[in-house]
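Reviewing the structure listed below.
The values are calculated or read from the model by the stated rules, or taken from the named source; none is laboratory data. Keep in mind it's a predicted model, so treat the numbers as computed, not measured. As a convention, Cβ positions derive from the backbone with ideal geometry for all residues, glycine included, and neighbour counts pool all protein chains shown.
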Amino acid sequence: MKQKTRLGLLLISSGLLKPELINAQVLPARLDSTAIEQPRFNRDQLKDSLEFVLLKTSQNYAQLERIISAVSLDPEYLNSIPSVLPVNVPLESFRISSPYGIRLHPVYQKVRFHNGVDVKASTGMAVKATASGVIRQVGHDAALGVFVRIQHEFGFETTYGHLSGYCVKPGQVVARSEEIGKVGSTGLATGPHLHYVIKKNGSNVDPFQFCFLLRRRLWLYQSAKPAGSCTSGLDSAKAVFIDG
């Protein structure tokens, strides 16, 4: 408990944690009154969990990375954070054709805010859930085309648009890197690609760095290992970190 208190004071001083949350008891919120409940972490373990409070209240990638770098998190926590590539391609082939932020809309030819990233991909390529969660919504939107929306823990929500089709349904539990649909060009699209969106606590965030979060986590772990050290139980987690 003393270790958590010291960590809490450190994170308060760096602006990552509000003082009133040190002793808070935080439980995951429901999706809504009708949705099927997400798979939960053990509620007894969540009680007075500083790690959960930090992950829930973080607002952007920079804060999240600082938390992950400072705190030894349960792998199940990491599984619930969007952190891998959303399409089934090798890392060296991953390309963003249109970044997050202000841009000239390719169809309307007007300057507009782009709430996600457009991932270069060919029609029919597998689209993957970037974190474990529950399918919140599937359907068709005039602009977004065929889409899938997933609710995750810690206030994360991801959306995958312009699909040619999907293979999931609302309320379905999905694992990280599980296929949820195929790349297409439905809706307002000039060609096949994936429109990928991340929201954190209801606000849009830039998805780009989140695509490499687990690879970054693996790098931090390997960098921290003493040279020539023997393998440990953590080595079994490598398969988790390099997935996607």
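Residue count for the range 183-226 satisfying the condition of being outside the structural domain of I102 (by TED's automatic domain parsing) and modelled with pLDDT of 95 or more: 0.
The test for being at pLDDT 95 or above, surrounded by 18 or more Cβ atoms within 10 Å (Cβ to Cβ) and farther than 24 Å from Y77 by Cα does not hold for L144. Scanning the range 67-117 for residues that are without any contact (Cβ under 8 Å) to a residue 12 or more places away in the chain and within 24 Å of E153 (Cα to Cα) yields a single hit, S72. In the condition set (1) surrounded by fewer than 20 Cβ atoms within 10 Å (Cβ to Cβ); (2) in contact with a Ser or Thr (Cβ under 9 Å, 6 or more places away or on another chain), C167 is compliant with all but (2). Listed by position, the strands (runs of 3 or more DSSP E) enclosed by the range 46-153 that each have at least 1 residues that are at positive phi are 101-104, 133-141, 145-151.
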